[in-house]
Amino acid sequence: MTVPGRAQPVYDPGMNVAPKLMTADAFLVWCLDQDDRWELVDGMPRMMTGATRRHDRIVVNLIADLHAKLRGKPCQPNTADVAARMVHGNVRRPDVTVDCASVPDKSLSSTAPTVFFEVLSPSTRTIDLMRKAEEFKQMPTLRHIVIIEPDRPQVLLWSRADEADPWADADFDGLDAVVPLAAIDVTLPMTAIYDGITFEADA
């Protein structure tokens, strides 16, 4: 049965034959022939849910601000079209990834992801804050995880200086706040993240 708002497996659960689990390599090649975005979770492709215009506006704001600030530098922002391979075989698609390594133009996944951004959605909020965040924290090159609330100016930031360091969290509230991303030498004003977003009518 299809549940609205939930990621659905690519196989028919009513089939009597057990689905064949996919490797990350096979999954990324398979994705080239798909019209939608998919993630690989425990060996099974799962379609990603759609996003609101507000969610998309925040992602566009992030890409625009990061592109301007990182232009000519080794680190570059990518959209969710570029996948991220998790340590234990899952393949995720953060809303925005900053990759700090030379990546071939035809690469299907990030090489040295340093920052992941996720804009929360009602249908995936729990997964983003719990399972995905824990998967992200195991990535050896990752230094920042930025979780963005779409309906109010609030950002949760996890950071670490090195792979061996513990993750530390910080909250940023209000449009006057600035989010520091030391690993890529960038600060993100909340006004840039939420540019064009209004909150007054959202009570």
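Summary of values
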| item | result |
| --- | --- |
| V87 versus L129: modelled label distance in nm, points set 7 Å from Cα along the beta carbon direction | 2.4 nm |
| Contour minus Cα-Cα distance for D195 and R152 (0.36 nm per residue) | 14.3 nm |
| Straight-distance crosslink candidates among lysines, where the alpha carbon sits under 26 Å from K132 and sequence neighbours closer than 8 are dropped | K20, K106 |
| Coordinate range along principal axes, alpha carbons of the stretch 133-201, Å, largest first | 43, 24, 16 |
| Farthest positive-ward along the chain dipole, Cα basis, beta-carbon charges - from V119, V155, G72 | G72 |
| Å² per residue, accessible surface of the chain at 1.4 Å | 55 Å² |
| The chain - percent of accessible surface contributed by carbon and sulfur, probe 1.4 Å | 54 percent |
| For the chain, cysteines whose Cβ has no other cysteine Cβ within reach (under 4.7 Å) | C31 |
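The values are calculated or read from the model by the stated rules, or taken from the named source; none is laboratory data. This one's a predicted model, so the numbers in the text were calculated from it and none came from an experiment. Reconstructed Cβ throughout: ideal geometry from the backbone, glycine too, with neighbour counts over all protein chains shown. Just so you know, the surface numbers come from the protein's heavy atoms only, side chains and all, with ligands and any DNA or RNA stripped out. Shrake-Rupley method; radii C 1.70, N 1.55, O 1.52, S 1.80 Å.
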